[in-house]
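Remarks on the structure that follows.
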Amino acid sequence: MPRATVQSRYSTGVYGVVGREIGYSLSPYIFEQVFKSLGWRADYARFDIEKRELRLLLDSMRTAPIRGLSVTKPYKELIISHLDRLDESANVVGAVNTVANIRGRLVGYNTDVSGVVAALKPVRSRLRGANAIIFGAGGGARAVGFALLNHLGMASVTIAARRQSQATRLIHGLQDRMPPAQLASAAFRPATDLNYSLSHADLIVNATPIGTQGKSRDLVLPAGVKMRPTAIAFDLVYRPRPTQFSMEARRGGCRTIIDGWPMLVAQAEAAFQLWTGRKFLTSVRLSLLSHRQLP
């Protein structure tokens with residue numbers, strides 16, 4: 001597609017993120033940098049809406065100049081019933097984090113999987129054949145589980161969720177959408193029960209909102225837990241830095257800790273490519289990834 005055509009179609013209009021209590025989101029900051037680097041006049045808005053308003057937003061998106069949406073908690077699964085079509089990425093994971101407006105038809109995608117893979121790329125060689133525990137059983141946990149088993153070759157994934165039924169539903173969803181893999185479910189238990197699993201885990205993932213700005217300050221990990229020094233801690237939360245889970249993991253003995261910022265940048269770039277057919281400028285991507293202190 002000629003550059004001039006892309007410029008005229010996508011350089012104006014509105015993009016945004018939809019969710020609930022998302023004042024903490026740095027997606028607007030990312031896309032402001034991207035639009036500025038391209039000389040675009042596009043806007044990126046926060047649509048912090050109630051559940052009952054979701055359909056109204058999507059109905060108006062079909063006719064308004066809203067080019068694309070990022071989707072975050074708690075709408076990654078709920079939004080599916082309001083879309084015209086799901087891409088294979090969203091269908092496989094069972095959750096949507098990106099919506100593209102394609103000539104008035106709303107198509108759902110999932111770029112979280114590619115975001116997980118990108119964030120864990122520096123430690124990829126340590127994950128093949130290894131064991132993981134994922135805390136959480138929502139849309140983010142679905143994407144992480146799929147990425148770990150289908151793209152990173154991990155041997156087993158344990159799901160630790162507040163409700164056993166939620167963990168079981170996630171496990172069945174993963175098993176239905178990929179080749180057979182070793183999966184175990186675990187409800188939240190007293191520290192004496194979960195400590196053993198954590199002490200043998202190679203990767204510990206926080207896919208809950210605990211630690212997000214303005215969210216619960218409950219602990220993710222049992223107090224006093226001990227983990228392998230070689231274990232990797234991966235937090236989908238990215239703000240504030242260091243994240244609460246990162247500090248918990250360090251106290252537990254983890255030496256390699258990755259927060260959610262690299263994943264956010266990677267999945268944002270994947271969404272931008274779906275909306276516009278373009279990647280971020282390399283200089284912008286590297287600048288974003290190098291941020292040690294987030295706004």
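The values are calculated or read from the model by the stated rules, or taken from the named source; none is laboratory data. Because the structure is a prediction, the values reported are computed rather than measured. Here Cβ is always computed from backbone atoms with ideal geometry, including for glycine, and neighbour counts include all displayed protein chains.
Details
- As for the stretch 48-62, it holds at least one residue that is surrounded by fewer than 16 Cβ atoms within 10 Å (Cβ to Cβ), of a type in the set (Val, Ile, Thr) and in the same structural domain as Val99 (by TED's automatic domain parsing).
- Leu149 meets all of the listed conditions (1) in a helix (DSSP H, G or I); (2) modelled with pLDDT under 85; (3) aliphatic (A, V, I, L, M); (4) closer than 22 Å to Arg228 by Cβ but one, namely (2).
- Scanning the stretch 145-176 for residues that are in contact with a Lys or Arg (Cβ under 7 Å, 6 or more places away or on another chain) and free of Cβ contacts under 8 Å to residues at least 24 places away in the same chain returns no hits.
- Residues in the stretch 1-23 that are at pLDDT below 95, closer than 14 Å to Val71 by Cα and crowded, with 17+ Cβ neighbours inside 10 Å: 1 in all.
- Boolean, Arg217 is modelled with pLDDT under 95 and either within 22 Å of the chain's Cα centre (by Cα) or in a helix (DSSP H, G or I) (or both): yes
- Scanning the stretch 97-124 for residues that are assigned to a loop (DSSP other than H, G, I, E, B) and closer than 20 Å to Leu149 by Cβ gives Asn97, Asn110, Thr111, Leu120.
- Residue match in the stretch 120-137 (condition: closer than 24 Å to Ile79 by Cβ and surrounded by fewer than 21 Cβ atoms within 10 Å (Cβ to Cβ)): no
- Checking Gln267, Gln273 one by one, the residue that is in a helix (DSSP H, G or I) and more than 18 Å from Pro28 (Cβ to Cβ) is Gln273 and no other.
- Qualifying residue in the stretch 81-89 (condition: part of a loop (DSSP other than H, G, I, E, B), polar (S, T, N, Q) and modelled with pLDDT under 95): no
- Against the numbered list (1) of a type outside the set (D, E, K, R); (2) at pLDDT 95 or above; (3) in the same structural domain as Ala141 (by TED's automatic domain parsing), Gly224 comes up short only at (2).
- The residue list Pro180, Pro229, Pro190 contains one member that is surrounded by fewer than 21 Cβ atoms within 10 Å (Cβ to Cβ), at pLDDT below 90, within 27 Å of Ala118 (Cα to Cα) and not basic (Lys, Arg), which is Pro180.
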